1. What's the number of the condition E9 fails, among (1) more than 16 Å from the chain's Cα centre (by Cα); (2) modelled with pLDDT of 95 or more?
2. List every residue pair whose Cβ atoms sit under 6 Å apart, with the two residues 6 or more apart in sequence or on different chains, where the first one lies in the range 69-95 and is within 17 Å of R35 (Cα to Cα) and the second, anywhere, is among the aromatic types (F, W, Y) and assigned to a helix (DSSP H, G or I).
Amino acid sequence: MSLETYFLETYFDFLSPTDIRIKGHRIGIETVISRFIDGYSPEEIRSEYPDLSLEKIYATIIFYLSKKDTVDIYLDKIKTWQNDRYQAWLENPSPLIKRLQNLKKEWGISDWRS
């Protein structure tokens, strides 16, 4: 590991192979990286996450750009995990969601915004 990589990685907590967070925050690197990929500037990202310093945002972007192939694999794993969780939730909704769905049917509501 190069000295640059070591210092860059000190900005992150590597909790598991599918959970890398920005040190001192509960924000995963995928949050900042996805905004960056969507075209947000570091300043725009900071306006959405004011507790993150520009230094940490830039460190996350540099980490992504310097390890793009590896981080892209990580991002794919995150998307798969999120989709799997969502599908499991759809198949087994909580009692509250089941109750709301039943009320929606009883009241003949086809769209929550109606």
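The values are calculated or read from the model by the stated rules, or taken from the named source; none is laboratory data. Source: prediction; values computed, not measured. Note: ideal-geometry Cβ built from the backbone for every residue, glycine included; neighbour counts use all protein chains shown.
1. With respect to (1) more than 16 Å from the chain's Cα centre (by Cα); (2) modelled with pLDDT of 95 or more, E9 is out only on (2).
2. Taking only residues 6 or more apart or on different chains, the pairs are V71/Y64.
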